[in-house]
Amino acid sequence: MAPDDGRDVNPSPATGDGGAALLATYDRSLPHVYGYLLSRCGRQVLAEDLTAETFLAAVDAVRRDASAPVSTAWLIGIARHKLVDHWRRLEREERTLRAVEGTATDDPWDTQLDGLRARAVLEALAPQHRAALTLRYVDDLPVTEVAHALDRTEHATEALLVRARRAFRDRYTDSTGDTGEEDGDD
């Protein structure tokens, strides 16, 4: 059996039966879509919900256009959009809280990142910061694509990334208790 490289074959290309292609791809793609979402959101229940939303959106897309390019890569793209939509919803819900919590410090940051602590810090960030950092540094997308995914200008996205990195550093530093200041420099 060949490894799944994202290029699924439509079982009935002559008829353009996207529904059949989606069914044929479902079992093979489900673990990839779920794994993609779980690795980015870190919560099993949320990843399950977003996976379901992804496949429902895929069904809708195939209903609208039976010649949709059904593949694992296409489904991962839909999953990315569902994750961004989720972060946008959270951002709208937390807008008032962010305005109240708007405290930032300029502590230097010289510590080695601990993977579990970094994930917890990322989860605690505002949704728009989490989305920007994940798309840029976990998904390794260029700023232009991050801007497109977040429906922002490139300049606004660069500014968002600066704020998101600062928020991450501040929360990470607070969680380690390290202020970045060394004793003995008096």
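The values are calculated or read from the model by the stated rules, or taken from the named source; none is laboratory data. What you see is a predicted model; the values in this text were computed from it and never measured. Don't worry about glycine lacking a Cβ; one is built from the backbone with ideal geometry, like all the others, and counts go over all protein chains shown.
If I filter the range 63-82 for residues that are basic (Lys, Arg) and surrounded by 15 or more Cβ atoms within 10 Å (Cβ to Cβ), do I get at least one hit?
So far as the range 63-82 goes, yes, one or more of its residues are basic (Lys, Arg) and surrounded by 15 or more Cβ atoms within 10 Å (Cβ to Cβ).
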Report summary line: Over the range 112-156, the set of residues among the polar types (S, T, N, Q), within 20 Å of Gly77 (Cα to Cα) and modelled with pLDDT of 90 or more is Gln128, Thr144
Query raised in the report: Which members of the range 134-149 meet the condition of being closer than 15 Å to Gly42 by Cβ and among the polar types (S, T, N, Q)?
Result: Thr134
Query - Matching entry among Gly19, Gly77 (being modelled with pLDDT under 85, in a helix (DSSP H, G or I) and not acidic (Asp, Glu)) - result: Gly19
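Can you name every residue in the range 131-158 that is of a type in the set (A, V, I, L, M) and in contact (Cβ under 8 Å) with a residue 24 or more places away in the chain? Give the steps one after another, and end with the answer.
Taking the range 131-158 first, the residues of a type in the set (A, V, I, L, M) are 131-133, 135, 138, 141, 143, 146-147, 149-150, 156.
Ala131, Ala132, Leu133, Leu135, Val138, Ala149, Leu150 - these are the residues of the range 131-158 that are of a type in the set (A, V, I, L, M) and in contact (Cβ under 8 Å) with a residue 24 or more places away in the chain.
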Requested in this report: Would you be able to tell me the number of residues in the range 139-177 that are closer than 17 Å to Leu90 by Cβ and either surrounded by 20 or more Cβ atoms within 10 Å (Cβ to Cβ) or in contact with a Leu (Cβ under 9 Å, 6 or more places away or on another chain) (or both)?
Outcome: 8
